[in-house]
Amino acid sequence: DQIGDAAKKLGDASYDFAKEVDWNNGVFLQAPGSFQPLKALKAIDKMIEMGAAADPELLKKAADAHHKAIGSISGPNGVTSRADWDAVNAALGRVVASVPKQKVMDVYDAVKDITDPKVPAYMKSLVNGADAEKAYQGFLEFKDVVAANQVTTASAAATVPTGDKIGTAAKALSDASYPFIKDIDWLSDVYLKPLPGKTAPEALKAIDKMIVMGSKMDGNLLKAAAEAHHKAIGSIDAKGVTSPEDYEAVNAALGRIVASVPKQTVMDVYNSMAKIVDSSVTNNMFSKVNPLDALSAAKGFYTFKDVVEAVQ
Ligand code: CLA
Ligand code: PID
Ligand code: PID
Ligand code: PID
Ligand code: PID
Ligand code: PID
Ligand code: PID
């Protein structure tokens, strides 16, 4: 297709730049400017809306392309192979073309709003500037091909199951865990801190397992889960906490996407996360909430998971 061909040209223009970026740099965990959690949530919300509007099959293919690219990483900077670099660009170009232009611009504008204008120049200073310029010229040509292949209306909204066992169980889980949710400091910057003692390649292994799980999920249910998060963001209070109803809808939606993949795929995520999150992190989280509320939530979760497993 045209986007695939254009991605090869983009690769010619941008792979030198890709090789020069230090993908393992811990700086990428930081906010791209001053820390503004509510504004950042708005930007994430725009990404969620774009994801919910995208063609689920093309999202899956993009996830597969990323998984494959992780497999061909080499060198200290963590760069993928030239062929996989092109394949990721092509897959993302197709995802972008599957949503109306305005959804893409809404993400751009919201991200711009939380990005200090000095950040791009700083990023450029870490690589060969001429290669960054060449990559950007390549992107500008690529985007015209994407725009020429872009839809003008979003794909249909998801169908949300009703009256299913997971929906019923989500009510009990949410009742048991909403007090815990209200105890959590959602606006803290602790969630952007590096994991003690862990390197980027180690963290990437766990992300890879999530990508694999995402790619196996039922596309309609994943879209529904994204829509539920978007709705939940719309009802947050000043402390970032969503309404009980929207929280319940998120739990139901996530239970359903978990049930749509094999158990082992879920356990692969859990086990890889357990390798990078040591008990000091979990204990720190626990220390900041009412322990009885956390234990009630945990009890609710362990009951919920049996319902999920039964329909998995
Ligand atoms: Mg989420 C999970 C935040 C968007 C899909 N997501 C999580 C949690 C964290 C979070 C609260 C990971 C850390 C953790 O396990 O804490 N998501 C979060 C934010 C946003 C977002 C702030 C921004 C909008 N997510 C989002 C979108 C999607 C997902 C758009 C795609 C549709 N997210 C997704 C999945 C999962 C998460 C599939 C998880 O599996 C993971 C999670 O919650 O695992 C348990 C602990 C969790 C909480 C504090 C909240 C849930 C409370 C549960 C139901 C009960 C508590 C149990 C116990 C006390 C603690 C966990 C025990 C542990 C051994 C499992
Ligand atoms: C400017 C001035 C003009 C010239 C110009 C110009 C530039 C415009 C630009 C630009 C626009 C632009 C857009 C970019 C957009 C990037 C979008 C990224 C989206 C990320 C997402 C992430 C996610 C997920 C995912 C799916 C999940 C949800 C999420 C489900 C269902 C200014 C040059 C024209 C770069 C969507 C993918 C996992 C949130 O106009 O004169 O330069 O760049 O998890 O959804 O699972
Ligand atoms: C524009 C203007 C509108 C019209 C429009 C428009 C277009 C927007 C577009 C577009 C946005 C867009 C985005 C693209 C992004 C591509 C990103 C590619 C990333 C590839 C990576 C590969 C890799 C890896 C990996 C992880 C490793 C690092 C690597 C570590 C820690 C402008 C059309 C709406 C194409 C990251 C995955 C292995 C490098 O908005 O008017 O057209 O395209 O090895 O991580 O090692
Ligand atoms: C300039 C002037 C214009 C021309 C121009 C220009 C240049 C702009 C530039 C540039 C922008 C730019 C951006 C870059 C962005 C790179 C982003 C990389 C992200 C990597 C991540 C990696 C990671 C992980 C991971 C998970 C870990 C955390 C991490 C945990 C818990 C100035 C040329 C347009 C290079 C996210 C995935 C392993 C961080 O605009 O005239 O030149 O470059 O380790 O999670 O540990
Ligand atoms: C233990 C001991 C026994 C008792 C027990 C026990 C506990 C087991 C547990 C547990 C397992 C467990 C699993 C959990 C899994 C969480 C999985 C999260 C996945 C997140 C993903 C994120 C993403 C996306 C997304 C889609 C995108 C890709 C991504 C596309 C196509 C130890 C109690 C049984 C919590 C997948 C969603 C946006 C990466 O066994 O004695 O306690 O918890 O962007 O994909 O867009
Ligand atoms: C288990 C054992 C195996 C069998 C198995 C199994 C089950 C795994 C499961 C499962 C995993 C799982 C995960 C679930 C997670 C739910 C998470 C809910 C999060 C809700 C949020 C709501 C909100 C917001 C929001 C953003 C705001 C904060 C909030 C800010 C900054 C165990 C079956 C495989 C259900 C985060 C979105 C508005 C609070 O593996 O043997 O069954 O379920 O307002 O952010 O303000
Ligand atoms: C313990 C002992 C057992 C019993 C037990 C127990 C407790 C475990 C616990 C607990 C685990 C736990 C986890 C918590 C996790 C919370 C995660 C919240 C994530 C929030 C995010 C918010 C955000 C943003 C956002 C984007 C911004 C950055 C942020 C930028 C660029 C010990 C009870 C099981 C509470 C990610 C989205 C706005 C950070 O196990 O016997 O008690 O709690 O602002 O992006 O700015």
Which of the numbered conditions does residue 30 fail, given that it passes all the others? Conditions: (1) surrounded by 15 or more Cβ atoms within 10 Å (Cβ to Cβ); (2) of a type outside the set (D, E, K, R); (3) away from ligand 2 (no atom under 13 Å from the Cβ).
(1)
Restrict the check to the range 32-41 and report whether at least one residue is over 26 Å from residue 217 (Cβ atoms) and free of Cβ contacts under 8 Å to residues at least 12 places away in the same chain.
no
Go through (1) at pLDDT 95 or above; (2) more than 16 Å from ligand 1 (Cβ to nearest atom) and name the single condition residue 183 misses.
(2)
With within 16 Å of ligand 5 (Cβ to nearest atom) and touching a helix residue (DSSP H, G or I) at 6+ places or on another chain (Cβ under 7 Å) as the only criterion, which of 53, 7 stands out?
53
What are the residues in the range 251-298 that are among the small types (Gly, Ala, Ser) and under 18 Å from the mean Cα position of the chain (by Cα), if any?
253, 255, 272
Can you name every residue in the range 272-312 that is within 14 Å of ligand 5 (Cβ to nearest atom), touching a residue at least 60 places away in the same chain (Cβ under 8 Å), over 15 Å from residue 183 (Cα atoms) and out of contact with any Asp or Glu (no Cβ under 9 Å at 6 or more places or on another chain)?
273, 277, 299, 301, 303, 304, 307, 308, 310
Hey, can you tell me all the residues within the range 72-100 that are surrounded by 15 or more Cβ atoms within 10 Å (Cβ to Cβ) and on the phi > 0 side of the Ramachandran plot?
78
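The values are calculated or read from the model by the stated rules, or taken from the named source; none is laboratory data. Note that the structure is a prediction, hence the values are computed from the model and not measured. When we count neighbours, we look across all protein chains shown, and the Cβ atoms used for this are built from the backbone with ideal geometry, even at glycine.
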